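In what follows, a structure is listed as structure tokens, so that the remarks can point back to it.
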Amino acid sequence: MVLTNHEKIIALISNGIAVYSLYQERGNLPNNTTIFDFILKVIPQDLKSELSPELIDEVFEFVSNAHSS
């Protein structure tokens, strides 16, 4: 099964949120690094055109709700 670019972006955002959370928990985040900055660094250049703050927020909300249930 081949993922669409949109599906790849969602997976990368989700993974980025998980890694960001681990770094934050362990105190390993560089100073002043927001979740948006962190995710921008993990998204390949060829997929960045499909990335938006709204999509990041949507995935973050979904992941947050899934973990709090």
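Please treat every number below as a calculation from the coordinates, not as lab data. Just so it is clear, the structure is predicted and the values come from calculations on it, not from any experiment. Reconstructed Cβ throughout: ideal geometry from the backbone, glycine too, with neighbour counts over all protein chains shown.
Here the Karplus relation 6.51 cos²θ - 1.76 cosθ + 1.60, evaluated at θ = phi - 60°, turns the backbone of the stretch 45-52 into coupling constants of 3, 5, 10, 4, 5, 9, 8, 8 Hz, with x for every Gly and Pro.
Dimensions of the chain from C-alpha coordinates, computed as largest minus smallest value along each principal axis and given longest first, are 36, 31, 23 Å.
For N5, the shell of other residues with beta-carbons less than 10 Å away shows a net charge of -2, using +1 for Lys and Arg and -1 for Asp and Glu.
Quick check: residue separation of S68 and E54 times 0.36 nm, minus the Cα distance between them. What number comes out in nm? Intermediate values should be presented prior to the final figure.
On the way: separation 14, 0.36 × 14 = 5.04 nm, distance 2.10 nm.
Result: 2.9 nm gained on full extension.
Extension gain, K8-D46: 0.36 nm per intervening residue step, less the Cα-Cα distance, totals 12.6 nm.
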